[in-house]
1. Only one of 57, 71, 112 is under 25 Å from residue 11 (Cα atoms), touching a helix residue (DSSP H, G or I) at 6+ places or on another chain (Cβ under 7 Å), surrounded by 13 or more Cβ atoms within 10 Å (Cβ to Cβ) and free of Cβ contacts under 8 Å to residues at least 60 places away in the same chain. Can you tell me which?
2. Can you give me the number of residues within the stretch 36-57 that are within 13 Å of the chain's Cα centre (by Cα) and at pLDDT 95 or above?
């Protein structure tokens, strides 16, 4: 089962782009969706129960939607406060709770973090792209038997 975690504050413009992505994803029994303003160490215990966790976050430096493995080898060094990074959470989940799954970070381009309730046009477009990519990666139905074309056979 997959856990999607949207990180960001929708009251800060494009910082809410991850939540906008979740809003575009259809409900599916294969995934669980969470929306958080920020990551806290307590999330490590929760992610340990999933085969895959996908963190979604706004990123000013991303020029396009990027879906990549969380880099656990170089975790961000911060004190364990109520603001943690995906890499810190995954390292904690593995060390303390036996997480053995896959951890990914979906970085979504964002530019405007001013206090407001709406996304910029760029962030809206990036949210649509991210949602389509996540649906294709995680929510597309598996092929049904007989639906695959068999090469090299003749009738």
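1. Going through 57, 71, 112 in turn, just one is under 25 Å from residue 11 (Cα atoms), touching a helix residue (DSSP H, G or I) at 6+ places or on another chain (Cβ under 7 Å), surrounded by 13 or more Cβ atoms within 10 Å (Cβ to Cβ) and free of Cβ contacts under 8 Å to residues at least 60 places away in the same chain: 57.
2. 8
The values are calculated or read from the model by the stated rules, or taken from the named source; none is laboratory data. The shown structure was predicted, so the numbers you read here are calculated from the model rather than taken from an experiment. Reconstructed Cβ throughout: ideal geometry from the backbone, glycine too, with neighbour counts over all protein chains shown.
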